[in-house]
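Undergrad: Before I ask anything, here is the structure I am working with.
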Amino acid sequence: MTTSTPAPASTPVLSSTPVLEAVDLVRRFGPVTAVDHVSLRIEPGQTFGLLGPNGAGKTTTISMICGLLSPDGGSVHVAGVPMAQEPLAAKRRLGLVPQDLAVYPEISARQNLTFFGRLQGLHGAELRTRVGEVLELVGLSDRAKEPSKKFSGGMKRRLNIGIGLLHHPDLLVLDEPTVGVDPQSRNAILESVEALAGQGMAVLYTTHYMEEAQRLCDRVAIVDDGRVQAEGTQDELIELTGGVDTIVLSGGGDVAAAEVSLRGIPVVQKVARDGNHLRLVVQNAPTAVAGVVRTVSDAGMNLSDVVIQRPDLESVFLHLTGKALRD
Amino acid sequence: MRTLLVLVARDLRQHVSDRSVLLFGLLIPFALSYVFNLAFSGLDDPQLGEVAVVVSAPTGDPAADAVVGTLGALADQGIPVTVLEAGPGEVADLVASGEADLGVTVPEGFGAAVAAGEGARVELAQGADTGLAADVVSGIVTATVQRLDADAATVAGAAGAGLDEAALGALAADLAAAAPQVEWAERTVAGEQLGLAGGIVAGQAGMFLFFTVGFAVLALLTEREWGTLPRLRTMPIPAWQIPFAKAVVGLILGTVSTSVLLASGQLLFDGVDFGWWPAVLVLVVATVAAATSVIALVVRYARTAEQASLLMSVIAISLGVTGGTFFRVPTDGLVGTLLQVNPVAALVRGLGITAGGGGIPDLAPVLLTLLAFTLVILVLARLVPGRKDAL
Ligand SMILES: Nc1ncnc2c1ncn2[C@@H]1O[C@H](COP(=O)(O)OP(=O)(O)O)[C@@H](O)[C@H]1O
Ligand SMILES: [Mg+2]
């Protein structure tokens, strides 16, 4: 696909205009405040992750961003266009890939794309070309004529994504696109998101999989209980944990003596023993590891394995909320 | 506007390739019309549908004689009626035991009551499983009594007082020698000028119309289950177009299927002629609009597509039953007036008018009834606190 083709009816966007500016979004369902003063800003070309466990309020946030739900408070601008005042113009700049499949089962992939393309205002040769390009991109060109109900789960997901891309949106919003998908399709989906991001499309990606956010996203907002707990680049978020690393040592010999010796060296902040494994918390694992290995060897432990665990978004989530990301 | 057409076109294509629309919109109602028509045609066939009527009537009462006389005249019209005389207390037993299909009890003082303008009352008892011929006969008796009552009231009104014996006698004699009774039979069964077969086709078309329109409008709920409804709502189209497109599809499918049904009924059944087709079409469109509003209300209430189809079937059948799809319903009195508001009944009544040579101006009361019905239901649909995300 080519990103040089402008979206239909799009007007030039100043480079300083964020593709998404959501300010103080609030949404309540009865007594539940599903989204509690959430603000997000996404710059052109950015891949932005919304990472949080089930029920954190990701889908509700996205529904307000895409004009499906009206917020109880706050505002949404898409490429500078206010969703509340100019919903049609704002929606034209957005492509949503909903969490649940949203395709017509009785008609083919091509017919699905053509139908939604027409609703997006595409027609004639332009529509045909775009449908062809998208089928190629999501890898469904050779099955384009089959009714989509005959597709595997992964193929349906890819068609679902394709529909969101048709009109070259300024912002592509994907809501947990890999849930319930086999590992192969999952990888194909992640690759196509990477490809789109590589071409300069801004992406808002929600997930409860830490690895996906880590792999795809330039910036991540960690959400829980309807609130943004922290937001930044991955490095910035990891800074929040204090930047401590974990070293896990495994092996035989005198593990108990090794534990005692480790407590004597200053770079080791904590030591925990679990059978033949020692788990150490250190300030900076790459520089500390040499001294650690020498110390335990001198104490009579025969090392069979050394693993360094750097903090990841999972540790950030744990640090911020005291909960594991996945239950 | 362009996007509305895109929405409508996709739905139409879906319904055209969906066998249940063809089945419920055309095949089933046509097959039922055919079957009911066979059953009804027994009325003209002396081998079928012998009706035994047991009558108890006071002697020496000319008004009572007129009622009984009506029954005797039926045989001449090809309806095989056997009349048994009995005492007032025996009628109910004979009907209950099945010896008679129909019991008619004309009370003592019947003529005097009619003459005094107190209203003519005759008790009718109909056995279980007595068939349509018995329905027709009971309708004729009712019509005779009503006519007697109405005529008496007219004459009495003109005279400014009660009728005397002689005047009542003259009226009753008129009635006994009245025009062919079978014409009454048709009028009673199908309403207005529709023949028996025409009435059957009209009633079936009116009821099944609700299913056809239902398929179109309830597609909204199917789309909710497919997830395509929220996706449509993220498209750059005005929000109202999504439900409105379903209503347009309902109007198109309903109008086409009803018109095809009526036309094939007219072509294939003897003696069916609905009259001037432009007027018929206007009537059909008005009825379809009323049906569409009902289904829109169902969509507001129902949570799932299954629940909605169930609700729709219940409504379609109730309106069919009370609208005359399966058997004759009263057209007079409070109940009769209420039933006339039923779109199925309105369609049957309107087709009676067009069949009798009526044009669009003659349809005005029926069309206004349908319009009022549609508006009231649409207002209700807006007021009902339905699902927030439904429309
Ligand atoms: N339509 C709704 N009605 C009532 N509660 C809802 C509705 N949608 C979401 N919620 C509630 O709002 C919270 C956030 O839900 P959601 O946005 O779906 O979370 P996520 O997408 O992060 O899993 C949950 O507690 C959920 O139960
Ligand atoms: Mg969700």
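Undergrad: For segment B:265-330, restrict the atom set to alpha-carbon positions and state the Rg and Dmax in Å.
TA: Just the Cα atoms of segment B:265-330 yield Rg and Dmax of 15.4, 45 Å.
Undergrad: Additional query: Given 0.36 nm per residue, what is the gain on full extension from A:Ala272 to A:Asp225 after removing their alpha carbon distance, in nm? If you can, show how the numbers build up before the last one.
TA: Working: separation 47, 0.36 × 47 = 16.92 nm, distance 3.21 nm.
Computed gain between A:Ala272 and A:Asp225 is 13.7 nm.
Undergrad: To the nearest Å, what is the center-to-center distance of segment A:210-227 and segment A:76-128, using C-alpha atoms only?
TA: 25
Undergrad: Amide H of A:Val97 versus every other amide H placed in the peptide plane: which residues, excluding those fewer than 5 positions away on the same chain, fall under 5 Å?
TA: A:Val173, A:Leu174, A:Asp175
Undergrad: Once you average over the residues of B:3-13, how many Cβ atoms of partner chains fall within 10 Å of each Cβ? List each step's numbers first, then the result.
TA: Values: counts 4, 0, 1, 7, 3, 0, 2, 9, 0, 0, 4.
Averaged over the peptide's residues, the number is 3.
Undergrad: Report the antiparallel proportion of the DSSP beta bridges in the protein assembly as shown as a percent, rounded to a multiple of 5.
TA: On the way: 46 of 73 bridges.
Antiparallel bridges make up about 65 percent of those DSSP assigns within the protein assembly as shown.
Undergrad: Would you give the gap between the C-alpha center of segment B:242-272 and the C-alpha center of segment B:280-300, rounded to a whole Å?
TA: 11
Undergrad: With the alpha-carbon atoms as the only input, what is the per residue convex hull volume for segment A:216-327 in Å³? Before the final figure, lay out the partial values.
TA: Values: hull volume 13.1 nm³, N = 112.
Dividing the Cα hull volume of segment A:216-327 by its residue count gives 117 Å³.
Undergrad: Moving to a separate point now. To the nearest 20 Debye, how big is the dipole of the protein assembly as shown about its Cα centre, given +1 on the beta carbon of each Lys and Arg and -1 on that of each Asp and Glu? Show your work: numbers first, answer last.
TA: Values: 48 positive and 71 negative charges, 789 e Å.
That gives a dipole near 3780 debye.
Undergrad: Between segment A:243-262 and segment A:28-44, how many Å separate their Cα centres?
TA: 44
Undergrad: Using the Karplus equation 6.51 cos²θ - 1.76 cosθ + 1.60 (θ = phi - 60°), what ³J(HN,Hα) coupling, rounded to whole Hz, does each residue of segment B:195-207 give in order, writing x for Gly and Pro?
TA: The phi angles translate into x, 4, 5, x, x, 5, 4, 4, x, 4, 4, x, 6 Hz.
Undergrad: If I compute solvent accessible area with a 1.4 Å probe over the protein chains, what percent of it on the protein assembly as shown is carbon and sulfur? Could you put the intermediate results ahead of the total?
TA: Numbers: 18120 of 31520 Å².
The C+S portion of the solvent-accessible surface of the protein assembly as shown is 57 percent.
Undergrad: Here's another thing I want to ask about it. Quick one: 3J(HN,Hα) in Hz for segment B:220-235, Karplus 6.51/-1.76/1.60 with θ = phi - 60°, rounded, Gly and Pro as x.
TA: With coefficients 6.51, -1.76 and 1.60, one gets 4, 6, 4, 5, 5, 5, 6, x, 6, 5, x, 5, 4, 6, 8, 6 Hz.
Undergrad: I want to verify the translational diffusion coefficient of chain A in µm²/s; compute it with Stokes-Einstein, Rh as the Kirkwood radius over Cα pairs, at 10 °C and 1.306 mPa s. Walk me through the intermediate numbers first.
TA: On the way: Rh = 22.0 Å.
This corresponds to a translational diffusion coefficient of 72 µm²/s.
Undergrad: Partner chain Cβ atoms within 10 Å, averaged over the residues of A:119-129 - can you pull that number for me? Intermediate results must be reported in sequence, preceding the final value.
TA: Details: counts 12, 4, 5, 0, 2, 0, 0, 0, 0, 0, 0.
Mean shielding by partner chains, rounded to a whole number: 2.
Undergrad: Another question about this same structure. Would you mind getting the Kirkwood hydrodynamic radius of the protein assembly as shown from its Cα pairs, rounded to one decimal in Å?
TA: 31.8
Undergrad: Please give the total accessible area that chains B and A bury against each other, computed with a 1.4 Å probe and expressed in Å² to the nearest 100.
TA: Working: alone 18460 and 15160 Å², together 31520 Å².
Using a 1.4 Å probe, the pair buries roughly 2100 Å².
Undergrad: Compute the label zone of A:Asp235 within segment A:287-303: residues whose backbone N is under 20 Å from the point 7 Å along Cα-to-Cβ.
TA: A:287-288
Undergrad: Rounded to two decimals, what is Rg over Rh for segment A:244-310 when you use alpha-carbon atoms and the Kirkwood radius?
TA: Working: Rg = 10.2 Å, Rh = 11.3 Å.
Over the Cα atoms of segment A:244-310, Rg/Rh equals 0.90.
Undergrad: On to the next question. Quick one: helix A:183-198 against the long Cα principal axis of chain A, what's the angle to the nearest 10°, folded into 0 to 90?
TA: 70
Undergrad: Suppose the chain between A:Glu43 and A:Leu88 were pulled fully straight at 0.36 nm per residue; how much longer would it get relative to their current alpha carbon spacing?
TA: Details: separation 45, 0.36 × 45 = 16.20 nm, distance 2.13 nm.
Fully extending the segment from A:Glu43 to A:Leu88 adds 14.1 nm.
Undergrad: Mind listing, in residue-number order, the residues in segment A:31-72 that have at least 40 Å² less accessible area with every protein chain present than in their own chain alone (1.4 Å probe)?
TA: By number: A:Leu68.
Undergrad: Around A:Gly253, which amide H atoms from residues at least 5 apart in sequence, or from another chain, sit under 5 Å from its own amide H, with H modelled in the peptide plane?
TA: So A:Gly253 has HN proximity to A:Asn302.
Undergrad: What list of ³J(HN,Hα) values in whole Hz, one per residue of segment B:280-290 in order, does the Karplus curve 6.51 cos²θ - 1.76 cosθ + 1.60 (θ = phi - 60°) give from phi, with Gly and Pro shown as x?
TA: 4, 4, 4, 4, 4, 4, 5, 5, 4, 4, 4
Undergrad: Could you tell me which trypsin sites (Lys or Arg not before Pro) in segment B:236-325 are loop residues by DSSP with no more than 12 other beta carbons within 10 angstrom of their beta carbon? It would help to have the intermediate numbers written out before the result.
TA: Details: sites: B:Lys246, B:Arg300, B:Arg303; in loops: B:Arg303.
Passing sites in segment B:236-325 are B:Arg303.
Undergrad: Over the protein assembly as shown, give the accessible area per residue in Å² for a 1.4 Å probe, as an integer.
TA: Working: 31520 Å² over 718 residues.
That works out to 44 Å² for each residue.
Undergrad: Shifting gears a bit: Enumerate by residue number the chymotrypsin sites (Phe, Trp or Tyr not before Pro) in segment B:190-273 meeting two conditions: DSSP loop (anything except H, G, I, E, B), and at most 16 other Cβ atoms within 10 Å of the site's Cβ.
TA: Values: sites: B:Phe208, B:Phe210, B:Phe211, B:Phe215, B:Trp226, B:Trp240, B:Phe244, B:Phe269; in loops: B:Trp240, B:Phe269.
Loop-located and lightly packed - B:Trp240.
Undergrad: Pop out the Kirkwood hydrodynamic radius of segment A:150-203 from its pairwise C-alpha distances, inverse of mean 1/r, in Å to one decimal. Let's see the in-between values first.
TA: On the way: mean 1/r = 0.0870 Å⁻¹.
Evaluated over segment A:150-203, this radius sits at 11.5 Å.
Undergrad: Oh, and also: Just to check, using Stokes-Einstein with a Kirkwood Rh over alpha carbon pairs, what's the diffusion coefficient of segment A:99-188 at 25 °C and 0.890 mPa s in µm²/s? List each step's numbers first, then the result.
TA: Numbers: Rh = 13.1 Å.
After rounding, the answer is 187 µm²/s.
Undergrad: Then there's this: Counting only trypsin sites (Lys or Arg not before Pro) that sit in a DSSP loop (anything but H, G, I, E, B) with at most 12 other Cβ atoms within 10 Å, what is the longest stretch of chain A containing none of them?
TA: On the way: sites that count: A:Lys145, A:Lys323, A:Arg326.
It runs A:146-322.
Undergrad: About its Cα centre, how strong a charge dipole does segment A:20-238 have in debye, to the nearest 20, once Lys and Arg get +1 and Asp and Glu get -1 at the Cβ? Could you put the intermediate results ahead of the total?
TA: Working: 22 positive and 27 negative charges, 198 e Å.
Taking the Cα centre of segment A:20-238 as origin, the dipole is about 960 debye.
Undergrad: Here is a follow-up. Say R0 is 30 Å: what FRET efficiency, to the nearest 0.05, do B:Ser20 and B:Tyr301 get from their beta-carbon distance?
TA: Working: r = 22 Å, r/R0 = 0.73.
Efficiency at R0 = 30 Å is approximately 0.85.
Undergrad: Can I ask one more? Using 1/(1 + (r/R0)^6) with R0 = 35 angstrom and r between the beta carbons of A:Asp218 and A:Ile265, what's the FRET efficiency to the nearest 0.05? Let's see the in-between values first.
TA: On the way: r = 38 Å, r/R0 = 1.08.
So, using R0 = 35 Å, E works out to roughly 0.40.
Undergrad: Using helices alone, I'd like the mean residue ellipticity at 222 nm for the protein assembly as shown: each DSSP H run of four-plus residues gives -39500 (n - 2.57), total over residue count, nearest 500. Working shown, then result.
TA: Values: 28 runs with 375 residues, N = 718.
Mean residue ellipticity at 222 nm (helix-derived): -16500 deg cm²/dmol.
Undergrad: Separation between the A:Ser152 and B:Trp240 pseudo-spin-labels, each 7 Å from Cα along Cα→Cβ, expressed in nm?
TA: About 4.7 nm separates the two model spin labels.
Undergrad: Amide H neighbours of A:Gln309 under 5 Å, at least 5 residues apart or on other chains, H built in the peptide plane: list them.
TA: Result for A:Gln309 returns A:Thr246, A:Ile247, A:Val248.
The values are calculated or read from the model by the stated rules, or taken from the named source; none is laboratory data. Because the structure is predicted, anything quoted here is derived from the model rather than measured. Here Cβ is always computed from backbone atoms with ideal geometry, including for glycine, and neighbour counts include all displayed protein chains. SASA here: full protein model, heavy atoms, side chains in, ligands and nucleic acids out. Shrake-Rupley method; radii C 1.70, N 1.55, O 1.52, S 1.80 Å.
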